[in-house]
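Report on the structure given below.
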Amino acid sequence: MDAQDIAFLQELIETPSPTGSEIPVAELVRRRASAVADEIETNTMGSVHALLRGTTEGVPTCMLAAHMDEIGLMVTYISDEGFLSVAAVGGVDPAILPGMRVDVHAAEGVLRGVVGRKPIHLIEPDERKKVTPLDKLVIDLGMPAERVKELVSVGDVITFGVGFEEFGDGMAVSKAFDDKVGVYIALKVMEELASAGRGKGNFIAAATTQEEIGTRGGMTSAYGVNPDVALAFDVTHATDYPGIEKSKYGKFVCGEGPVIARGPNINPVVFDRLIAAAKAEGILYQIEAEPSVTGTDARAIQVTRAGIPCGLVSIPLRYMHTPTEVISLADVDATVKLITRFVMDLDETTCFVPGMDGIFVDENEEESE
């Protein structure tokens, strides 16, 4: 990743987009995509679809979906003293919140807040062993109650008050890599395809909404776009640090390449073609067993309409759903290369029906005969 790519990834990460409030990031996606996309649409869910037309008729259209929402909090009550009570938007762990700085996104701008809890000196010994539940935490804005009530409304969203930083040896840390790093990858793949003279088939980069509360944007994007094949991109749990049982969760190492999922949520032809693309490009890859549905947009895409052949590519991420998610930047580059090759390899003979050989049939052409 060059300096410009790093800067755009950082801009994506640091632009707030808690589930249901993705508009600012959607604007970034449209801006970036406009340099190469032939068409850009935004649906009523707020998901953005950027189309890069292919060069050849009769080749499968591929959609790459990555969700642009992040976890966060929402104001549910403002006390007489001016402290905010909150609820989780997505899977927020209350254990990480005490003492954290947060950003409250009010109508007139962003307000800095801190998550307050009694100091350890005032907590009874038996209580110290327990996680303080979310409904017992408050957000302190450092303002008089009257001013807080003027500026803040019930329903305002809150994000972690931290941003992107490179550290260590080729690593990066931030909130919201889950899954705005995927949005970066989708746009970068589209740019790489354009630079390579385009794929044979159409390509759609889909930045979806509301994944964190049930893959809702992936569901509606898949229905609206109706691609012939789709890839979902997300992050998966790195297991390369102490305390995680590899025999239970698998071995996934930051810096050892993209993770390709395998299981009933994944079309076997798509899986095979992803592996072939990785081998053709000399890309290190890892395989993740997914014996049921995945917790990604792939779960929704696969069963949309009459069924859409779907694959899932991830990168290992440490400390998921915290303000300090960690990834390897080399894994990001490798994933862009992998998916670009997958799309470029699609042609008129590609068939995604498991166990079947033959030419891909364009249903529109078939109906017109």
Filtered residues of segment 332-369 (kept if part of a helix (DSSP H, G or I), modelled with pLDDT under 85 and closer than 16 Å to D228 by Cα): E363, N364, E365, E366
Selection from segment 7-32 of residues that are touching a helix residue (DSSP H, G or I) at 6+ places or on another chain (Cβ under 8 Å) and among the hydrophobic types (A, V, I, L, M, F, W, C): F8, L9, L12, I13, V25, L28, V29
Test: residue in segment 109-119 that is surrounded by fewer than 17 Cβ atoms within 10 Å (Cβ to Cβ), within 29 Å of V253 (Cα to Cα) and not β-branched (V, I, T): no
3 or more residues over 30 Å from P133 (Cα atoms) and either modelled with pLDDT of 95 or more or open to solvent by 10 Å² or more (accessible area, probe 1.4 Å) (or both): qualifying strands (runs of 3 or more DSSP E) within segment 1-84: 39-42, 48-52, 62-67
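Might you let me know whether segment 44-57 holds any residue that is under 14 Å from V157 (Cα atoms) and more than 21 Å from the chain's Cα centre (by Cα)?
No - not one qualifying residue is present in segment 44-57.
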Pair list, Cβ under 6 Å, 6 or more apart: segment 327-350 residue touching a residue at least 40 places away in the same chain (Cβ under 8 Å), other residue surrounded by fewer than 19 Cβ atoms within 10 Å (Cβ to Cβ) and assigned to a helix (DSSP H, G or I): K337/E281; T340/E192; R341/E281
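Residue-wise test of (1) within 18 Å of T335 (Cβ to Cβ); (2) crowded, with 23+ Cβ neighbours inside 10 Å; (3) of a type in the set (S, T, Y); (4) modelled with pLDDT under 95.
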{"position": "G217", "(1), (2), (3), (4)": "no, yes, no, no"}
{"position": "P227", "(1), (2), (3), (4)": "no, yes, no, no"}
{"position": "F252", "(1), (2), (3), (4)": "yes, yes, no, no"}
{"position": "V259", "(1), (2), (3), (4)": "yes, yes, no, no"}
{"position": "R262", "(1), (2), (3), (4)": "yes, no, no, no"}
Condition met for V138 (more than 25 Å from M68 (Cα to Cα), modelled with pLDDT of 95 or more, surrounded by 17 or more Cβ atoms within 10 Å (Cβ to Cβ) and touching a Phe, Trp or Tyr at 6+ places or on another chain (Cβ under 6 Å)): yes
Any hit, segment 122-133, residues being within 26 Å of the chain's Cα centre (by Cα) and either among the hydroxyl-bearing types (S, T, Y) or open to solvent by less than 40 Å² (accessible area, probe 1.4 Å) (or both): no
Only listed residue being open to solvent by less than 20 Å² (accessible area, probe 1.4 Å), of a type in the set (G, A, S) and under 18 Å from G307 (Cα atoms), chosen from A278, A222: A222
Cβ-Cβ under 8 Å pairs, at least 6 apart or on other chains, segment 15-38 side at positive phi, far side buried (at least 20 other Cβ atoms within 10 Å of the Cβ): G20/D69; G20/V89; G20/V157; G20/T209; G20/Q210
Residue satisfying all of: in segment 229-250; within 21 Å of V326 (Cα to Cα) and among the hydroxyl-bearing types (S, T, Y); surrounded by the most Cβ atoms within 10 Å (Cβ to Cβ) among these: T236
Output for segment 278-310, where each listed residue is part of a helix (DSSP H, G or I) and touching a Phe, Trp or Tyr at 6+ places or on another chain (Cβ under 8 Å): A278
Some residue of segment 155-164 being of a type in the set (S, T, Y), in a strand (DSSP E or B), touching a residue at least 40 places away in the same chain (Cβ under 8 Å) and open to solvent by less than 70 Å² (accessible area, probe 1.4 Å): yes
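Every residue, every condition in (1) within 18 Å of the chain's Cα centre (by Cα); (2) within 18 Å of A66 (Cα to Cα), yes or no:
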residue: E256; (1), (2): no, no
residue: I260; (1), (2): yes, yes
residue: N265; (1), (2): yes, yes
residue: L274; (1), (2): no, yes
residue: A280; (1), (2): no, no
residue: V293; (1), (2): yes, yes
residue: Q302; (1), (2): yes, yes
residue: R305; (1), (2): no, no
residue: G311; (1), (2): yes, yes
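The values are calculated or read from the model by the stated rules, or taken from the named source; none is laboratory data. Remember, predicted model here, so these are calculated numbers, not experimental data. Every residue, glycine among them, receives a Cβ derived from its backbone with ideal geometry; neighbour counts consider all protein chains shown. Heavy atoms of the whole protein, side chains included, go into the accessibility calculation; ligands, DNA and RNA do not. Shrake-Rupley method; radii C 1.70, N 1.55, O 1.52, S 1.80 Å.
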